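The values are calculated or read from the model by the stated rules, or taken from the named source; none is laboratory data. Just so it is clear, the structure is predicted and the values come from calculations on it, not from any experiment. FYI the Cβ positions are ideal-geometry reconstructions off the backbone, even for glycines, and counts take in every protein chain you see.
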Amino acid sequence: MESTLDHPPEYRAALCRVRQLRGFYTHLSVYLAVNAGLLVINLIASPGRLWVVWPLAGWGIGLLIHAAGVFLGGRWLGAEWERRKVEEFLERQRRDGRP
């Protein structure tokens, strides 16, 4: 398998962005599928009581946070934060003599 380090920084940045998007769309797909199943169960098991709104809302908040991280430029925990953290870990490894 070819290493991403063999590619220019622009390619690596694009690959990172594509992986972020794929992760979000996977999350969205699972959210929709699971909550559709929960809705069916709710309507069959207890049609007079819509408890499905609670998992929809709770998970929906998490999904919105994920979307904000992906689509709002990653200002919070974005690429710059990630770069700084990688540098911190590398420096700590060098200092502690670990590979």
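Here are the numbers for the structure shown:
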quantity	calculated
Residue in segment 25-37 that is surrounded by 13 or more Cβ atoms within 10 Å (Cβ to Cβ), modelled with pLDDT of 90 or more and among the small types (Gly, Ala, Ser) present	no
For GLU82: the one exception among (1) among the acidic types (Asp, Glu); (2) surrounded by fewer than 11 Cβ atoms within 10 Å (Cβ to Cβ); (3) at pLDDT below 85	(2)
Pairs with Cβ under 8 Å, 6+ apart, first in segment 54-73 and free of Cβ contacts under 8 Å to residues at least 24 places away in the same chain, second of a type in the set (A, V, I, L, M) and part of a helix (DSSP H, G or I)	PRO55/LEU38; LEU56/LEU38
Members of segment 37-96 found to be under 30 Å from ARG12 (Cα atoms) and in a loop (DSSP other than H, G, I, E, B), listed by number	LEU72, GLY73, GLY74, ARG75, TRP76, LEU77, GLY78
